[in-house]
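A.B. asks: Structure below; questions to follow.
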Amino acid sequence: MNAAIGKSVSPDGISKLLSIPKPDSFTHLPEIILQVTNLEPKGKSYGFDASDGKMKIKAIFNSRLSSEILSGNIQNLCLIQVLDYTVNEIPSKSEKFLIITKCEVVSPALEKEIKEVVEQEESDMGMPLKKPKLENEVKSENIKEAKGLFLKPKQEIVAKSAAQIVHEQHRNMAPAARMAMTRRVHPLVSLNPYQGNWTIKVRVTSKGNMRTYRNARGEGCVFNVELTDGDGTQIQATMFNEAARKFYDRFELGKVYYISKGTLRVANKQFKTVQNDYEMTLNENSEVEEASDEAACIPETKFKFVPIDQLGPYVNSKDLVDVIGIVQSVSPTTSIRRKSNNETVPKRDIVVADETKKTVVVSLWNELATSVGQELQDIADKSPVVAIKSLKVGDFQGISLSTLGKSIVQVNPVIAESEKLRSWYDSEGKETSMASVGSGLSPSTKSGARSMYSDRVSLSHITSNPSLGEDKPAFFSIRAYISFIKPDQTMWYRACKTCNKKVTDALGGGYWCEGCQKNDAECSLRYIMVVKVSDASGEGWVSAFNEEAEKIIGCSADELDLLKSQIGEENTYQQRLKEATWNPHLLRISVSQNEYNNEKRQRMTVRAVAPVDFAAESRFLLEEISKMKGSQ
């Protein structure tokens, strides 16, 4: 490839390429000369911006031409004649992409990049002239001609070849940057369990706490992270034992890493937290290197905000939510003792509000309570905006939110939703009366009554749809009567007083708890029962656990067991069960699919119970009637 002095960029060269996107051997190609700009390595090949002086298009050299670049024949700012090519489309970005498979260098590197070619006004002689506009004024060596732009190369300028530039950059780069130059980076969407070696470049958008576990094989530790690549695709990566200890401190929230030598498997739908069919496991031989200089191309944490007044369907479900709101108040830090291990953990409650004019309590736990919580308390008088990712929706005080180990809290984030919320609050929100998301309901309905008026359906809606809950549990609210309780069923189990797990008889007396690994002299009884519920549309069997069953029966399992054990007073036990029937309740129901004898069966479980507040129920029914009239 020898440079042919006197050639020029072709006016409208890119337009000509786009008009013939995939030429064949019979296609007559016009002479197309383009300038190479922004030449840089792309895996095993080299990418650049092809320019005709007016337009640019993203391009890449075929890998067979890499030797010409490394030898210095093809340089940044040189001119090439395109001899064979293909123009492809990138569907996800609605862009064209040029692939050069054959070309010839017609001029070595120029001093400046040609920016555009602009027609001038006709001269006094009546002849049109074309004047090139370069990045700066081009010197007088440039020769003008009506057909195009002629440039005399500056022979005294020593232009470094791409090979020299790459070598100098490679020599001074950190290991992670060299990995980017020498390895092909795979997008997450392309990975599968049957793939060989791969390298990904991802940002840590969520990091869980280190957890310990105990099973038949002994004790261990585990933690996981959520990773996001440049396309916004996410995947969860899990590390156990040695790998967990090796990578826990290395992974930092928000940083970008190159990762290789991991394994993939099909994700467990029950536990997955991101939208990906696969999940990743890293072992102690996996490679993780920070990519500190290439963080800008990976998106930051992505939120999917749920308005506060639409949190009802998520109560007690496995789905986590993201919330953004204005901080209304911040409580001092308190200490809560866990039942499971008797440890004390810090907790702090904040109240947030959004444009729905509703407020909700968010409980910050552990480090979030002491770090971000303290920061919020210090600036609470300024009503900061807070965005929180991965919150659990509970039924305490109707609806409440709690952080988890993987939750992320951002104060005054620089995102569009934050600016919109701040603008609303400053203009009208601060003067608006805010109501709790559970306002207007009976104070006695603290166990989910707020959600009793969302997703209200009849029993027949659930029982007549056997496919409900196939992929994930579905949640509904019903108003129904307890119509029958089997008196001879096993209604409770013996439970550890510390962790509530099932206990067994211990050798020498007492009760052994596998969870706590200890003997106790006493245990407690906890309900696990089934009851039949009925409404105007039909009936069905539902499972109820301790807290919910206590509200249905009206006493604890220990008290009911005492009634049952009284000699000669069997009718007292039967009478208590009878009194529990034919009372109306508001029930929050989860619907899932269980497999029994290779047959899928629908299972309904009571998640919350509340007595009927007839005033609130009447208001609800009037609203439903109004909606029906409005739709007619």
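A.B. asks: Give the residue that is surrounded by the fewest Cβ atoms within 10 Å (Cβ to Cβ), with candidates limited to residues of the stretch 192-204 that are in contact with a Gly (Cβ under 9 Å, 6 or more places away or on another chain) and within 15 Å of THR238 (Cβ to Cβ). Steps first, please.
C.D. replies: So in the stretch 192-204, the residues in contact with a Gly (Cβ under 9 Å, 6 or more places away or on another chain) come out as 198, 200-204.
Of the ones still in play, those that are also within 15 Å of THR238 (Cβ to Cβ) are 202, 204.
Working: VAL202: 25, VAL204: 19.
Ranking the candidates gives VAL204 first.
A.B. asks: Quick one: would you say ALA216 is of a type in the set (Gly, Ala, Ser) and in contact with a strand residue (DSSP E or B) (Cβ under 6 Å, 6 or more places away or on another chain)?
C.D. replies: On the way: of a type in the set (Gly, Ala, Ser): yes; in contact with a strand residue (DSSP E or B) (Cβ under 6 Å, 6 or more places away or on another chain): no.
For ALA216, the condition - of a type in the set (Gly, Ala, Ser) and in contact with a strand residue (DSSP E or B) (Cβ under 6 Å, 6 or more places away or on another chain) - is not met.
A.B. asks: Also: Could you grab me the full set of residues in the stretch 555-608 that are among the hydroxyl-bearing types (Ser, Thr, Tyr), more than 29 Å from SER467 (Cα to Cα) and surrounded by 12 or more Cβ atoms within 10 Å (Cβ to Cβ)?
C.D. replies: Quick first cut of the stretch 555-608, residues among the hydroxyl-bearing types (Ser, Thr, Tyr) only: 556, 565, 572-573, 581, 590, 592, 596, 605.
When the remaining residues are screened for being more than 29 Å from SER467 (Cα to Cα), the result is 556, 565, 572-573, 581.
Of everything in the stretch 555-608, those that are among the hydroxyl-bearing types (Ser, Thr, Tyr), more than 29 Å from SER467 (Cα to Cα) and surrounded by 12 or more Cβ atoms within 10 Å (Cβ to Cβ) turn out to be SER556, THR572, TYR573, THR581.
A.B. asks: Looking at (1) more than 24 Å from the chain's Cα centre (by Cα); (2) open to solvent by 40 Å² or more (accessible area, probe 1.4 Å); (3) modelled with pLDDT under 90, which one does VAL345 not meet, given that it meets all the others?
C.D. replies: The number of the failed condition is (2).
A.B. asks: Can you name every one of the strands (runs of 3 or more DSSP E) wholly within the stretch 489-601 that holds 1 or more residues which are in contact (Cβ under 8 Å) with a residue 60 or more places away in the chain? Before you say what the answer is, go through the steps one by one.
C.D. replies: Details: elements: 492-495, 503-505, 511-513, 518-520, 524-535, 538-545, 584-596.
Answer list for the stretch 489-601: 492-495, 524-535, 538-545, 584-596.
A.B. asks: Would you call THR498 open to solvent by 30 Å² or more (accessible area, probe 1.4 Å) and modelled with pLDDT of 90 or more? Break it down into steps so the answer makes sense when it comes.
C.D. replies: Working: open to solvent by 30 Å² or more (accessible area, probe 1.4 Å): yes; modelled with pLDDT of 90 or more: no.
So THR498 does not fit the description; no.
A.B. asks: Does GLY373 satisfy the criteria of being assigned to a helix (DSSP H, G or I) and surrounded by 20 or more Cβ atoms within 10 Å (Cβ to Cβ)? Write out each step before concluding.
C.D. replies: Numbers: assigned to a helix (DSSP H, G or I): yes; surrounded by 20 or more Cβ atoms within 10 Å (Cβ to Cβ): yes.
Considered against the rule, which asks whether it is assigned to a helix (DSSP H, G or I) and surrounded by 20 or more Cβ atoms within 10 Å (Cβ to Cβ), GLY373 comes out as yes.
A.B. asks: So is LYS246 open to solvent by 20 Å² or more (accessible area, probe 1.4 Å), under 15 Å from the mean Cα position of the chain (by Cα) and under 20 Å from ARG211 (Cβ atoms) or not?
C.D. replies: Working: open to solvent by 20 Å² or more (accessible area, probe 1.4 Å): yes; under 15 Å from the mean Cα position of the chain (by Cα): no; under 20 Å from ARG211 (Cβ atoms): yes.
Criteria not met by LYS246.
One line per residue, one yes/no per condition, for (1) modelled with pLDDT under 90; (2) in contact with a strand residue (DSSP E or B) (Cβ under 7 Å, 6 or more places away or on another chain); (3) closer than 20 Å to ASN197 by Cβ; (4) in a loop (DSSP other than H, G, I, E, B):
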position: LEU227; (1), (2), (3), (4): no, yes, yes, no
position: ILE235; (1), (2), (3), (4): no, yes, yes, no
position: MET239; (1), (2), (3), (4): no, yes, yes, no
position: ALA244; (1), (2), (3), (4): no, yes, no, no
position: PHE251; (1), (2), (3), (4): no, yes, no, yes
position: ILE259; (1), (2), (3), (4): no, yes, yes, no
position: THR273; (1), (2), (3), (4): yes, yes, no, yes
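A.B. asks: Can you report the number of residues in the stretch 205-220 which are of a type in the set (A, V, I, L, M) and exposed (fewer than 12 other Cβ atoms within 10 Å of the Cβ)? So that I can check it myself, show each step before the final result.
C.D. replies: First pass over the stretch 205-220, keeping only residues of a type in the set (A, V, I, L, M): 210, 216.
Okay, now just the ones that are also exposed (fewer than 12 other Cβ atoms within 10 Å of the Cβ), so 216.
Final tally of qualifying residues: 1.
A.B. asks: For the stretch 382-398, name all the residues that are open to solvent by 40 Å² or more (accessible area, probe 1.4 Å) and at pLDDT 90 or above.
C.D. replies: Passing the criteria: LYS382, LYS392.
A.B. asks: For the stretch 461-501, give me each residue that is of a type in the set (S, T, N, Q) and in contact with a helix residue (DSSP H, G or I) (Cβ under 9 Å, 6 or more places away or on another chain). Break it down into steps so the answer makes sense when it comes.
C.D. replies: Our first condition is that a residue be of a type in the set (S, T, N, Q); within the stretch 461-501, this holds for 463-465, 467, 477, 483, 489-490, 498, 500.
Scanning the stretch 461-501 gives SER477, ASN500.
A.B. asks: So, in the stretch 529-548, how many residues would count as being in contact with a helix residue (DSSP H, G or I) (Cβ under 8 Å, 6 or more places away or on another chain) and either of a type in the set (A, V, I, L, M) or buried (at least 17 other Cβ atoms within 10 Å of the Cβ) (or both)? I'd like the intermediate steps shown before the answer.
C.D. replies: Going through the stretch 529-548, the residues in contact with a helix residue (DSSP H, G or I) (Cβ under 8 Å, 6 or more places away or on another chain) turn out to be 529, 531, 533-535, 537-540, 544, 546.
Of the ones still in play, those that are also either of a type in the set (A, V, I, L, M) or buried (at least 17 other Cβ atoms within 10 Å of the Cβ) (or both) are 529, 531, 533, 535, 540, 544, 546.
Summing the residues that are in contact with a helix residue (DSSP H, G or I) (Cβ under 8 Å, 6 or more places away or on another chain) and either of a type in the set (A, V, I, L, M) or buried (at least 17 other Cβ atoms within 10 Å of the Cβ) (or both) in the stretch 529-548 gives 7.
A.B. asks: Filter the stretch 249-274 down to residues that are open to solvent by less than 80 Å² (accessible area, probe 1.4 Å) and more than 30 Å from LYS472 (Cβ to Cβ), then give me how many there are.
C.D. replies: Taking the stretch 249-274 as the starting set, the residues that turn out to be open to solvent by less than 80 Å² (accessible area, probe 1.4 Å) are 251, 254-260, 262-264, 267-268, 272-274.
After this cut, where a residue has to be more than 30 Å from LYS472 (Cβ to Cβ) as well, the list is 255-258, 260.
Residues in the stretch 249-274 being open to solvent by less than 80 Å² (accessible area, probe 1.4 Å) and more than 30 Å from LYS472 (Cβ to Cβ): 5 in total.
A.B. asks: Within the stretch 346-361, is there a residue that is assigned to a loop (DSSP other than H, G, I, E, B) and within 28 Å of ASN224 (Cα to Cα)?
C.D. replies: As a first pass, look at the stretch 346-361 and keep what is assigned to a loop (DSSP other than H, G, I, E, B): 354-357.
Those still in the list that are within 28 Å of ASN224 (Cα to Cα) too: none.
The answer is no, given that none of the residues of the stretch 346-361 is assigned to a loop (DSSP other than H, G, I, E, B) and within 28 Å of ASN224 (Cα to Cα).
A.B. asks: Where residues in the stretch 505-528 are at negative phi and in contact with an Asp or Glu (Cβ under 8 Å, 6 or more places away or on another chain), which of them is surrounded by the fewest Cβ atoms within 10 Å (Cβ to Cβ)? Walk me through how you get there before you give the answer.
C.D. replies: Keep residues of the stretch 505-528 that are at negative phi, which gives 505-507, 511-516, 518-528.
Retained after the next criterion (residues that are in contact with an Asp or Glu (Cβ under 8 Å, 6 or more places away or on another chain)): 511-513, 524-525, 527.
On the way: TYR511: 20, TRP512: 16, CYS513: 21, SER524: 19, LEU525: 18, TYR527: 20.
Here the answer is TRP512.
A.B. asks: Filter the stretch 29-46 down to residues that are over 19 Å from LEU83 (Cβ atoms) and in contact (Cβ under 8 Å) with a residue 12 or more places away in the chain and give me whichever is surrounded by the most Cβ atoms within 10 Å (Cβ to Cβ). Steps first, answer last, please.
C.D. replies: At the first step, the residues of the stretch 29-46 found to be over 19 Å from LEU83 (Cβ atoms) are 37-38, 40-44.
Within this subset, residues satisfying the condition of being in contact (Cβ under 8 Å) with a residue 12 or more places away in the chain are 37-38, 41-44.
Details: THR37: 16, ASN38: 15, PRO41: 18, LYS42: 14, GLY43: 14, LYS44: 10.
The qualifying residue surrounded by the most Cβ atoms within 10 Å (Cβ to Cβ) is PRO41.
The values are calculated or read from the model by the stated rules, or taken from the named source; none is laboratory data. All values derive from a computational prediction rather than experimental measurement. We place every Cβ from the backbone using ideal geometry, glycine too, and count neighbours over all the protein chains shown. Protein only, heavy atoms only, side chains kept; ligands, DNA and RNA dropped before computing areas. Shrake-Rupley method; radii C 1.70, N 1.55, O 1.52, S 1.80 Å.
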